[in-house]
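Accompanying notes for the structure given below.
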Amino acid sequence: MGLVYPLPSQNASLGGKVIDLESCLGKTVLVVGGGGREHAIVEALSRSPQVSKIYCAPGNAGIGLKAFNVPLKDTDVEGLKNFAIDNAVDLTVVGPEAALAAGLTDAFRAAGLAVFGHTKAATAIESSKEFAKRLMEKYGIPTASYKAFSDYDEALAYVSARPFPAVLKYDGLAAGKGVVIAQDLEEAKAALASMLLDEAFGKGRVVVEDFLTGPEFSFLCFVDGKRVYPMPLSQDHKRAFDGDKGPNTGGMGAYTGLPFITEEDRAFAYKEIMCKAAEAMVAEGCPLSGVLYGGLMKTPQGIKVIEFNARFGDPETEVVLPLLESDIYDIFEAVATGRETAEPVWRQGFSLGVVLASKGYPGSYQKGFAIKNLDQVDAHVAHMGTAFKDGQLVTNGGRVLMVIAEGPTIAAAREKVYAEVAKIDCDNLFYRNDIAHCAFE
Ligand code: AMP
Ligand code: GLY
(Lines give C-alpha, C1' and ligand atoms only; values in the text may rest on other atoms or scores of the structure.)
(Ligands and ions follow the chains in the order given, each with its own letter.)
Protein backbone atom coordinates (compact mmCIF):
# COMPACT_ATOMS: atom_id res chain seq x y z
CA MET A 1 0.00 0.00 0.00
CA GLY A 2 1.41 3.38 -0.95
CA LEU A 3 0.31 6.87 0.02
CA VAL A 4 -3.41 7.07 0.77
CA TYR A 5 -5.05 10.41 1.36
CA PRO A 6 -6.13 12.32 3.31
CA LEU A 7 -3.14 12.05 5.60
CA PRO A 8 -3.93 13.65 8.97
CA SER A 9 -1.39 16.45 8.80
CA GLN A 10 -1.36 16.97 5.05
CA ASN A 11 -1.61 20.67 4.23
CA ALA A 12 -2.41 21.47 7.87
CA SER A 13 0.26 24.13 8.02
CA LEU A 14 -0.92 25.81 4.86
CA GLY A 15 -3.90 27.42 6.55
CA GLY A 16 -5.86 27.55 3.33
CA LYS A 17 -8.91 25.91 1.89
CA VAL A 18 -8.40 22.46 0.51
CA ILE A 19 -10.93 21.14 -1.94
CA ASP A 20 -12.08 18.02 -0.17
CA LEU A 21 -15.81 17.77 -0.18
CA GLU A 22 -15.51 14.08 0.73
CA SER A 23 -18.17 13.61 -1.85
CA CYS A 24 -18.41 10.30 -3.60
CA LEU A 25 -20.28 12.04 -6.42
CA GLY A 26 -17.44 14.26 -7.60
CA LYS A 27 -14.34 13.33 -9.54
CA THR A 28 -10.87 12.96 -8.11
CA VAL A 29 -8.07 14.39 -10.24
CA LEU A 30 -4.30 14.07 -9.91
CA VAL A 31 -2.24 16.87 -11.48
CA VAL A 32 1.43 16.03 -12.06
CA GLY A 33 3.95 18.86 -11.66
CA GLY A 34 4.62 21.68 -9.24
CA GLY A 35 4.99 25.05 -10.95
CA GLY A 36 2.90 27.99 -12.10
CA ARG A 37 1.50 25.98 -14.99
CA GLU A 38 0.21 23.30 -12.64
CA HIS A 39 -1.19 25.95 -10.31
CA ALA A 40 -3.20 27.35 -13.25
CA ILE A 41 -4.41 23.84 -14.12
CA VAL A 42 -5.43 23.21 -10.49
CA GLU A 43 -7.26 26.58 -10.40
CA ALA A 44 -9.14 25.75 -13.61
CA LEU A 45 -10.07 22.29 -12.30
CA SER A 46 -11.24 23.79 -9.01
CA ARG A 47 -13.81 25.78 -11.00
CA SER A 48 -15.34 22.56 -12.37
CA PRO A 49 -18.56 21.53 -10.61
CA GLN A 50 -17.69 17.90 -11.41
CA VAL A 51 -14.42 17.87 -9.47
CA SER A 52 -14.48 17.30 -5.73
CA LYS A 53 -10.89 16.45 -4.93
CA ILE A 54 -7.57 17.48 -6.47
CA TYR A 55 -4.14 16.05 -5.72
CA CYS A 56 -0.97 17.60 -7.07
CA ALA A 57 2.42 15.84 -7.19
CA PRO A 58 4.62 17.39 -5.98
CA GLY A 59 2.64 20.68 -5.99
CA ASN A 60 3.90 23.76 -4.16
CA ALA A 61 2.86 26.07 -1.32
CA GLY A 62 0.25 27.96 -3.36
CA ILE A 63 -1.14 24.83 -4.98
CA GLY A 64 -1.54 23.38 -1.47
CA LEU A 65 -4.25 25.96 -0.80
CA LYS A 66 -6.47 24.36 -3.44
CA ALA A 67 -5.23 20.78 -3.69
CA PHE A 68 -3.56 18.08 -1.62
CA ASN A 69 0.16 18.18 -2.31
CA VAL A 70 1.60 14.71 -2.76
CA PRO A 71 5.34 14.28 -2.08
CA LEU A 72 6.16 12.36 -5.26
CA LYS A 73 8.46 13.49 -8.07
CA ASP A 74 6.86 14.14 -11.45
CA THR A 75 9.03 11.43 -13.04
CA ASP A 76 8.29 8.78 -10.38
CA VAL A 77 5.99 6.90 -12.75
CA GLU A 78 5.59 3.81 -10.55
CA GLY A 79 4.94 5.87 -7.43
CA LEU A 80 2.39 8.07 -9.22
CA LYS A 81 0.64 5.08 -10.76
CA ASN A 82 0.33 3.34 -7.39
CA PHE A 83 -0.88 6.58 -5.82
CA ALA A 84 -3.58 6.97 -8.49
CA ILE A 85 -4.76 3.39 -7.95
CA ASP A 86 -4.70 3.57 -4.14
CA ASN A 87 -6.56 6.89 -4.06
CA ALA A 88 -9.20 6.07 -6.68
CA VAL A 89 -8.04 8.88 -9.00
CA ASP A 90 -10.49 9.27 -11.91
CA LEU A 91 -8.20 11.29 -14.16
CA THR A 92 -4.54 12.31 -14.18
CA VAL A 93 -3.40 15.51 -15.92
CA VAL A 94 0.31 15.79 -16.73
CA GLY A 95 2.14 19.14 -16.77
CA PRO A 96 5.87 18.61 -17.43
CA GLU A 97 7.39 17.01 -20.52
CA ALA A 98 9.83 15.02 -18.38
CA ALA A 99 6.93 13.00 -16.95
CA LEU A 100 5.60 12.30 -20.46
CA ALA A 101 9.06 11.42 -21.77
CA ALA A 102 9.43 9.05 -18.79
CA GLY A 103 6.44 7.12 -20.12
CA LEU A 104 3.86 8.13 -17.52
CA THR A 105 0.94 7.94 -19.97
CA ASP A 106 1.94 4.53 -21.28
CA ALA A 107 2.26 3.09 -17.76
CA PHE A 108 -1.03 4.62 -16.60
CA ARG A 109 -2.92 3.39 -19.65
CA ALA A 110 -1.50 -0.10 -19.25
CA ALA A 111 -2.94 -0.05 -15.73
CA GLY A 112 -6.35 1.08 -17.04
CA LEU A 113 -6.01 4.66 -15.71
CA ALA A 114 -7.30 7.70 -17.63
CA VAL A 115 -4.59 10.25 -18.32
CA PHE A 116 -4.43 13.58 -20.16
CA GLY A 117 -0.96 13.67 -21.72
CA HIS A 118 0.80 12.13 -24.68
CA THR A 119 2.42 8.72 -24.90
CA LYS A 120 6.19 8.53 -24.86
CA ALA A 121 6.17 7.94 -28.63
CA ALA A 122 4.04 11.05 -29.29
CA THR A 123 6.15 13.16 -26.90
CA ALA A 124 8.98 12.78 -29.44
CA ILE A 125 7.45 15.81 -31.19
CA GLU A 126 9.11 17.77 -28.36
CA SER A 127 11.81 15.47 -27.04
CA SER A 128 13.48 14.89 -30.43
CA LYS A 129 14.17 17.93 -32.59
CA GLU A 130 15.07 15.65 -35.50
CA PHE A 131 11.80 13.70 -35.22
CA ALA A 132 9.88 17.00 -35.28
CA LYS A 133 11.85 18.36 -38.23
CA ARG A 134 11.43 15.11 -40.23
CA LEU A 135 7.70 15.15 -39.50
CA MET A 136 7.36 18.74 -40.70
CA GLU A 137 9.38 18.05 -43.84
CA LYS A 138 7.39 14.91 -44.69
CA TYR A 139 3.97 16.51 -44.19
CA GLY A 140 4.74 19.98 -45.59
CA ILE A 141 4.46 21.91 -42.34
CA PRO A 142 6.32 25.24 -42.72
CA THR A 143 9.57 25.44 -40.75
CA ALA A 144 13.22 26.42 -41.25
CA SER A 145 15.10 23.98 -43.49
CA TYR A 146 17.60 21.83 -41.63
CA LYS A 147 20.22 19.09 -41.65
CA ALA A 148 21.10 16.75 -38.78
CA PHE A 149 24.60 15.58 -37.78
CA SER A 150 26.22 13.19 -35.35
CA ASP A 151 29.77 13.85 -36.55
CA TYR A 152 31.51 17.00 -35.30
CA ASP A 153 33.70 17.54 -38.40
CA GLU A 154 30.80 17.13 -40.83
CA ALA A 155 28.63 19.50 -38.79
CA LEU A 156 31.41 22.07 -38.63
CA ALA A 157 32.09 21.86 -42.39
CA TYR A 158 28.38 22.39 -43.10
CA VAL A 159 28.06 25.34 -40.70
CA SER A 160 31.29 26.94 -42.01
CA ALA A 161 29.92 27.02 -45.55
CA ARG A 162 26.69 28.78 -44.57
CA PRO A 163 25.76 32.30 -43.48
CA PHE A 164 25.63 33.33 -39.81
CA PRO A 165 23.88 33.40 -37.41
CA ALA A 166 23.69 29.60 -37.33
CA VAL A 167 20.96 27.85 -35.35
CA LEU A 168 22.23 24.71 -33.58
CA LYS A 169 19.84 22.45 -31.69
CA TYR A 170 20.71 19.45 -29.57
CA ASP A 171 18.40 16.58 -30.51
CA GLY A 172 16.91 15.80 -27.13
CA LEU A 173 15.55 17.29 -23.93
CA ALA A 174 18.14 19.73 -22.58
CA ALA A 175 16.18 21.76 -20.03
CA GLY A 176 15.83 24.68 -22.44
CA LYS A 177 19.61 24.95 -22.95
CA GLY A 178 19.93 22.89 -26.11
CA VAL A 179 19.52 25.73 -28.63
CA VAL A 180 22.45 27.96 -29.56
CA ILE A 181 22.21 30.85 -32.01
CA ALA A 182 25.88 31.13 -33.00
CA GLN A 183 26.85 34.58 -34.33
CA ASP A 184 30.17 33.46 -35.80
CA LEU A 185 32.33 30.41 -36.47
CA GLU A 186 34.00 30.55 -33.04
CA GLU A 187 30.65 30.35 -31.25
CA ALA A 188 29.45 27.59 -33.56
CA LYS A 189 32.63 25.58 -32.96
CA ALA A 190 32.27 25.87 -29.20
CA ALA A 191 28.59 24.84 -29.27
CA LEU A 192 29.16 21.88 -31.61
CA ALA A 193 32.13 20.71 -29.54
CA SER A 194 30.07 20.89 -26.36
CA MET A 195 27.12 18.99 -27.88
CA LEU A 196 28.92 16.43 -30.09
CA LEU A 197 32.38 15.96 -28.54
CA ASP A 198 31.81 16.63 -24.83
CA GLU A 199 28.21 15.33 -24.98
CA ALA A 200 27.12 18.02 -22.53
CA PHE A 201 23.48 16.86 -22.72
CA GLY A 202 24.27 13.18 -23.39
CA LYS A 203 24.96 11.30 -26.61
CA GLY A 204 22.89 12.79 -29.38
CA ARG A 205 22.72 14.47 -32.76
CA VAL A 206 22.62 18.15 -33.62
CA VAL A 207 20.13 19.81 -35.94
CA VAL A 208 21.47 22.80 -37.88
CA GLU A 209 18.75 25.02 -39.31
CA ASP A 210 18.17 28.32 -41.11
CA PHE A 211 17.96 31.44 -38.97
CA LEU A 212 14.46 32.96 -39.17
CA THR A 213 13.30 36.41 -38.10
CA GLY A 214 10.00 37.86 -36.89
CA PRO A 215 7.86 37.97 -33.76
CA GLU A 216 7.35 34.67 -31.92
CA PHE A 217 4.12 33.50 -30.38
CA SER A 218 2.61 30.41 -28.79
CA PHE A 219 -0.37 28.47 -30.09
CA LEU A 220 -1.60 25.91 -27.58
CA CYS A 221 -4.26 23.40 -28.62
CA PHE A 222 -5.97 20.50 -26.89
CA VAL A 223 -5.46 17.57 -29.25
CA ASP A 224 -7.14 14.20 -29.31
CA GLY A 225 -5.94 12.36 -32.41
CA LYS A 226 -7.20 14.49 -35.31
CA ARG A 227 -9.46 16.68 -33.16
CA VAL A 228 -7.73 19.99 -32.45
CA TYR A 229 -9.35 22.48 -30.05
CA PRO A 230 -7.48 25.81 -30.15
CA MET A 231 -6.75 28.03 -27.15
CA PRO A 232 -6.24 31.81 -27.40
CA LEU A 233 -2.86 32.81 -28.82
CA SER A 234 -0.29 34.09 -26.37
CA GLN A 235 3.24 35.45 -26.26
CA ASP A 236 5.96 34.61 -23.76
CA HIS A 237 8.91 36.89 -22.83
CA LYS A 238 11.99 34.71 -22.66
CA ARG A 239 14.71 37.24 -21.82
CA ALA A 240 15.31 38.24 -18.20
CA PHE A 241 15.27 42.03 -18.53
CA ASP A 242 13.26 44.87 -20.08
CA GLY A 243 13.70 45.44 -23.80
CA ASP A 244 14.27 41.69 -24.33
CA LYS A 245 17.79 42.01 -22.90
CA GLY A 246 19.74 39.62 -20.72
CA PRO A 247 19.88 35.83 -20.58
CA ASN A 248 17.15 33.43 -21.68
CA THR A 249 14.81 32.28 -18.91
CA GLY A 250 11.88 29.92 -18.60
CA GLY A 251 9.67 32.96 -19.33
CA MET A 252 9.21 36.27 -17.49
CA GLY A 253 5.63 37.06 -18.46
CA ALA A 254 2.95 36.45 -21.06
CA TYR A 255 -0.26 37.87 -22.48
CA THR A 256 -3.10 36.93 -24.81
CA GLY A 257 -4.53 38.82 -27.77
CA LEU A 258 -1.66 39.51 -30.14
CA PRO A 259 -2.38 42.54 -32.36
CA PHE A 260 0.35 41.60 -34.85
CA ILE A 261 -1.35 38.28 -35.65
CA THR A 262 -4.29 38.68 -38.03
CA GLU A 263 -7.28 36.36 -38.16
CA GLU A 264 -5.87 35.07 -41.45
CA ASP A 265 -2.54 34.25 -39.76
CA ARG A 266 -4.37 32.43 -36.98
CA ALA A 267 -6.49 30.44 -39.42
CA PHE A 268 -3.36 29.48 -41.38
CA ALA A 269 -1.53 28.43 -38.22
CA TYR A 270 -4.52 26.38 -37.07
CA LYS A 271 -5.11 24.57 -40.35
CA GLU A 272 -1.68 24.32 -41.93
CA ILE A 273 0.35 23.81 -38.78
CA MET A 274 -1.59 22.57 -35.74
CA CYS A 275 -4.17 20.39 -37.55
CA LYS A 276 -1.59 19.11 -40.04
CA ALA A 277 0.75 18.15 -37.20
CA ALA A 278 -2.05 16.30 -35.41
CA GLU A 279 -2.94 14.42 -38.61
CA ALA A 280 0.71 13.67 -39.26
CA MET A 281 1.10 12.15 -35.80
CA VAL A 282 -1.93 9.91 -36.41
CA ALA A 283 -0.45 8.84 -39.76
CA GLU A 284 2.87 8.07 -38.05
CA GLY A 285 1.11 5.80 -35.56
CA CYS A 286 1.64 8.01 -32.52
CA PRO A 287 -1.53 10.10 -32.09
CA LEU A 288 -1.50 13.06 -29.72
CA SER A 289 -3.66 13.03 -26.59
CA GLY A 290 -2.90 16.17 -24.64
CA VAL A 291 -1.67 19.66 -25.45
CA LEU A 292 0.24 20.45 -28.63
CA TYR A 293 2.17 23.70 -28.21
CA GLY A 294 3.25 25.39 -31.41
CA GLY A 295 6.18 27.76 -30.85
CA LEU A 296 5.59 29.82 -34.02
CA MET A 297 7.21 32.79 -35.74
CA LYS A 298 5.63 35.29 -38.13
CA THR A 299 8.44 35.56 -40.66
CA PRO A 300 8.41 37.72 -43.81
CA GLN A 301 7.68 34.45 -45.66
CA GLY A 302 4.71 33.57 -43.47
CA ILE A 303 4.10 31.69 -40.21
CA LYS A 304 6.66 28.98 -39.49
CA VAL A 305 7.29 26.51 -36.70
CA ILE A 306 10.26 27.17 -34.42
CA GLU A 307 9.46 24.20 -32.21
CA PHE A 308 6.66 21.97 -31.01
CA ASN A 309 6.15 21.14 -27.37
CA ALA A 310 4.06 18.26 -26.11
CA ARG A 311 2.55 20.07 -23.13
CA PHE A 312 1.10 23.28 -21.77
CA GLY A 313 3.55 26.21 -21.90
CA ASP A 314 4.74 27.93 -18.78
CA PRO A 315 3.97 30.89 -18.32
CA GLU A 316 1.45 30.86 -21.23
CA THR A 317 -0.95 28.53 -19.40
CA GLU A 318 -1.28 30.98 -16.52
CA VAL A 319 -2.69 33.67 -18.86
CA VAL A 320 -4.67 31.39 -21.18
CA LEU A 321 -6.63 29.17 -18.79
CA PRO A 322 -8.31 31.99 -16.80
CA LEU A 323 -10.16 32.85 -20.04
CA LEU A 324 -11.67 29.37 -20.35
CA GLU A 325 -15.41 29.44 -19.77
CA SER A 326 -16.03 25.73 -20.45
CA ASP A 327 -15.55 23.05 -17.83
CA ILE A 328 -11.92 21.99 -18.15
CA TYR A 329 -12.61 18.58 -16.63
CA ASP A 330 -14.85 17.80 -19.63
CA ILE A 331 -12.06 18.69 -22.04
CA PHE A 332 -9.38 16.75 -20.15
CA GLU A 333 -11.62 13.72 -19.75
CA ALA A 334 -12.71 13.77 -23.41
CA VAL A 335 -9.12 13.90 -24.65
CA ALA A 336 -7.99 11.26 -22.16
CA THR A 337 -10.70 8.83 -23.23
CA GLY A 338 -10.91 9.69 -26.93
CA ARG A 339 -14.45 11.09 -26.66
CA GLU A 340 -15.54 14.00 -28.83
CA THR A 341 -16.47 17.12 -26.88
CA ALA A 342 -17.95 20.54 -27.60
CA GLU A 343 -15.62 23.27 -28.86
CA PRO A 344 -14.27 25.00 -25.71
CA VAL A 345 -15.70 28.46 -25.08
CA TRP A 346 -13.32 31.33 -24.23
CA ARG A 347 -14.16 34.63 -22.61
CA GLN A 348 -13.66 37.82 -24.59
CA GLY A 349 -11.01 40.11 -23.17
CA PHE A 350 -7.31 39.98 -22.52
CA SER A 351 -5.16 38.34 -19.91
CA LEU A 352 -1.65 39.41 -18.92
CA GLY A 353 0.78 38.03 -16.36
CA VAL A 354 4.07 39.21 -14.87
CA VAL A 355 6.59 36.79 -13.34
CA LEU A 356 8.43 37.74 -10.15
CA ALA A 357 11.76 35.94 -10.05
CA SER A 358 14.58 35.61 -7.51
CA LYS A 359 17.39 38.14 -8.03
CA GLY A 360 20.17 36.33 -9.91
CA TYR A 361 17.79 34.05 -11.86
CA PRO A 362 18.36 32.41 -14.37
CA GLY A 363 21.85 32.18 -12.82
CA SER A 364 22.38 31.28 -9.18
CA TYR A 365 20.08 32.78 -6.58
CA GLN A 366 19.20 32.43 -2.90
CA LYS A 367 15.98 31.02 -1.48
CA GLY A 368 14.02 31.53 1.72
CA PHE A 369 13.09 35.25 1.53
CA ALA A 370 9.78 36.17 3.17
CA ILE A 371 6.98 37.14 0.76
CA LYS A 372 4.55 39.59 2.36
CA ASN A 373 1.24 41.27 1.44
CA LEU A 374 0.14 38.57 -0.96
CA ASP A 375 -3.28 38.63 0.72
CA GLN A 376 -3.71 42.22 -0.51
CA VAL A 377 -3.29 41.31 -4.16
CA ASP A 378 -6.57 41.50 -6.05
CA ALA A 379 -5.61 39.31 -9.03
CA HIS A 380 -4.80 35.68 -9.81
CA VAL A 381 -1.49 34.65 -8.31
CA ALA A 382 0.15 31.51 -9.66
CA HIS A 383 2.86 30.13 -7.39
CA MET A 384 5.89 28.99 -9.37
CA GLY A 385 8.49 28.44 -6.65
CA THR A 386 7.26 29.08 -3.10
CA ALA A 387 7.28 27.21 0.21
CA PHE A 388 5.99 27.70 3.73
CA LYS A 389 8.69 28.01 6.41
CA ASP A 390 7.59 28.42 10.02
CA GLY A 391 4.17 29.58 8.83
CA GLN A 392 5.65 32.22 6.52
CA LEU A 393 5.49 32.08 2.73
CA VAL A 394 9.04 32.23 1.34
CA THR A 395 10.78 32.18 -2.04
CA ASN A 396 11.80 28.68 -3.07
CA GLY A 397 12.81 28.80 -6.75
CA GLY A 398 14.09 30.88 -9.65
CA ARG A 399 10.68 31.93 -10.85
CA VAL A 400 8.64 32.51 -7.70
CA LEU A 401 5.21 34.00 -8.47
CA MET A 402 3.18 35.18 -11.41
CA VAL A 403 0.48 37.83 -11.04
CA ILE A 404 -2.23 37.65 -13.69
CA ALA A 405 -5.12 39.99 -14.46
CA GLU A 406 -7.74 40.35 -17.16
CA GLY A 407 -9.05 43.48 -18.82
CA PRO A 408 -11.13 44.67 -21.76
CA THR A 409 -7.89 45.76 -23.46
CA ILE A 410 -4.25 44.67 -23.12
CA ALA A 411 -3.44 48.11 -21.70
CA ALA A 412 -6.10 47.74 -18.99
CA ALA A 413 -4.90 44.25 -18.04
CA ARG A 414 -1.33 45.50 -17.92
CA GLU A 415 -2.16 48.49 -15.73
CA LYS A 416 -4.07 46.27 -13.31
CA VAL A 417 -1.28 43.67 -13.08
CA TYR A 418 1.46 46.18 -12.36
CA ALA A 419 -0.68 47.90 -9.69
CA GLU A 420 -1.13 44.53 -7.98
CA VAL A 421 2.53 43.47 -8.39
CA ALA A 422 3.59 46.68 -6.59
CA LYS A 423 1.77 45.51 -3.45
CA ILE A 424 4.01 42.45 -3.02
CA ASP A 425 6.74 42.97 -0.48
CA CYS A 426 9.83 40.77 -0.82
CA ASP A 427 13.51 41.69 -0.60
CA ASN A 428 14.79 39.37 -3.27
CA LEU A 429 12.45 39.54 -6.27
CA PHE A 430 12.68 41.30 -9.63
CA TYR A 431 10.34 41.49 -12.61
CA ARG A 432 10.09 42.96 -16.08
CA ASN A 433 8.24 46.25 -16.47
CA ASP A 434 7.45 45.86 -20.16
CA ILE A 435 5.35 42.71 -20.54
CA ALA A 436 3.32 42.94 -23.78
CA HIS A 437 5.58 45.69 -25.20
CA CYS A 438 5.17 44.15 -28.69
CA ALA A 439 1.46 44.93 -28.47
CA PHE A 440 2.19 48.65 -28.13
CA GLU A 441 4.94 49.06 -30.76
P1 AMP B 1 13.54 26.35 -29.24
O2 AMP B 1 13.98 25.68 -27.99
O3 AMP B 1 13.62 25.51 -30.47
O4 AMP B 1 12.20 27.05 -29.07
O5 AMP B 1 14.53 27.58 -29.43
C6 AMP B 1 14.71 28.55 -28.43
C7 AMP B 1 14.70 29.92 -29.04
O8 AMP B 1 15.71 30.02 -30.02
C9 AMP B 1 13.40 30.23 -29.76
O10 AMP B 1 12.41 30.72 -28.93
C11 AMP B 1 13.87 31.27 -30.77
O12 AMP B 1 13.91 32.55 -30.16
C13 AMP B 1 15.26 30.84 -31.08
N14 AMP B 1 15.27 30.05 -32.32
C15 AMP B 1 15.10 28.72 -32.44
N16 AMP B 1 15.14 28.33 -33.73
C17 AMP B 1 15.31 29.45 -34.46
C18 AMP B 1 15.45 29.71 -35.85
N19 AMP B 1 15.41 28.75 -36.76
N20 AMP B 1 15.63 31.00 -36.23
C21 AMP B 1 15.70 32.00 -35.32
N22 AMP B 1 15.59 31.81 -33.99
C23 AMP B 1 15.40 30.56 -33.56
N1 GLY C 1 7.07 29.26 -22.37
C2 GLY C 1 7.98 28.35 -22.94
C3 GLY C 1 7.71 26.95 -22.67
O4 GLY C 1 6.81 26.57 -21.94
O5 GLY C 1 8.44 26.11 -23.21
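The values are calculated or read from the model by the stated rules, or taken from the named source; none is laboratory data. Being a predicted model, the structure only gives us computed values, none of them experimental. Please note: Cβ atoms are built from the backbone with ideal geometry, for glycine as well, and neighbour counts cover all protein chains shown.
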Residues of segment 192-251 that turn out to be over 20 Å from the mean Cα position of the chain (by Cα), more than 30 Å from T337 (Cβ to Cβ) and part of a strand (DSSP E or B), as a count: 9
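What number of residues within segment 166-179 are out of contact with any Lys or Arg (no Cβ under 8 Å at 6 or more places or on another chain), crowded, with 16+ Cβ neighbours inside 10 Å and without any contact (Cβ under 8 Å) to a residue 60 or more places away in the chain?
Adding up the residues that qualify gives 4.
Given the structure, is F332 aromatic (F, W, Y), outside any strand (DSSP E or B) and under 28 Å from A67 (Cβ atoms)?
yes
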Quick check on segment 147-165: of everything there that is assigned to a helix (DSSP H, G or I) and charged (D, E, K, R), which residue is surrounded by the fewest Cβ atoms within 10 Å (Cβ to Cβ)? D153
Looking at segment 134-146, is at least one residue touching a residue at least 24 places away in the same chain (Cβ under 8 Å), more than 10 Å from ligand 1 (Cβ to nearest atom), of a type in the set (A, V, I, L, M, F, W, C) and part of a helix (DSSP H, G or I)? yes
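Inside segment 286-311, can you point out the residues that are part of a loop (DSSP other than H, G, I, E, B), within 15 Å of ligand 1 (Cβ to nearest atom) and in contact with a helix residue (DSSP H, G or I) (Cβ under 9 Å, 6 or more places away or on another chain)?
Passing the criteria: A310, R311.
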Is there any pair linking a residue in segment 304-315 that is surrounded by fewer than 23 Cβ atoms within 10 Å (Cβ to Cβ) to one that is charged (D, E, K, R), with Cβ under 6 Å and at least six apart or on different chains, and which? N309/E126
Scan (1) out of contact with any Ser or Thr (no Cβ under 9 Å at 6 or more places or on another chain); (2) of a type in the set (G, A, S); (3) crowded, with 18+ Cβ neighbours inside 10 Å for the single condition A413 breaks and write down its number. (1)
May I ask you to list the residues in segment 219-245 that are at positive phi and more than 15 Å from ligand 1 (Cβ to nearest atom)? G225, G243
Of the residues in segment 164-178 that are near ligand 1 (Cβ under 10 Å from one of its atoms) and modelled with pLDDT of 90 or more, the one that is nearest to the chain's Cα centre (by Cα) is K169
Just checking, how many residues over segment 309-327 are more than 16 Å from ligand 2 (Cβ to nearest atom) and either touching a Pro at 6+ places or on another chain (Cβ under 8 Å) or over 23 Å from G253 (Cβ atoms) (or both)? 5
Just to be sure before I move on: is T123 closer than 30 Å to P232 by Cβ, hydroxyl-bearing (S, T, Y), more than 16 Å from ligand 2 (Cβ to nearest atom) and buried (at least 16 other Cβ atoms within 10 Å of the Cβ) in the structure I sent? no
Given the criterion charged (D, E, K, R) and within 16 Å of ligand 2 (Cβ to nearest atom), identify the matching residue among D184, D236. D236
Restricting the search to segment 46-70, which residues are on the phi < 0 side of the Ramachandran plot and either under 17 Å from the mean Cα position of the chain (by Cα) or free of Cβ contacts under 8 Å to residues at least 24 places away in the same chain (or both)? C56, A57, P58, N60, I63
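The rows are residues; the columns are (1) within 30 Å of M281 (Cα to Cα); (2) away from ligand 2 (no atom under 16 Å from the Cβ); (3) at pLDDT 95 or above; (4) not aromatic (F, W, Y).
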| residue | (1), (2), (3), (4) |
| --- | --- |
| Y152 | no, yes, yes, no |
| L156 | no, yes, yes, yes |
| R162 | no, yes, no, yes |
| L197 | no, yes, no, yes |
| V206 | yes, yes, no, yes |
| L212 | yes, yes, yes, yes |
| M231 | yes, no, yes, yes |
Note on segment 246-259: residues within 16 Å of ligand 1 (Cβ to nearest atom) and farther than 30 Å from G360 by Cβ are L258
Per-region count, segment 214-227, residues within 30 Å of S194 (Cβ to Cβ) and within 16 Å of ligand 2 (Cβ to nearest atom): 4
Checked V345, V291, V377 against criteria (modelled with pLDDT of 95 or more and either crowded, with 24+ Cβ neighbours inside 10 Å or within 16 Å of ligand 2 (Cβ to nearest atom) (or both)); the one match is V291
In segment 392-441, anything more than 20 Å from G251 (Cβ to Cβ) and touching a helix residue (DSSP H, G or I) at 6+ places or on another chain (Cβ under 7 Å) is listed as L393, G407, K423
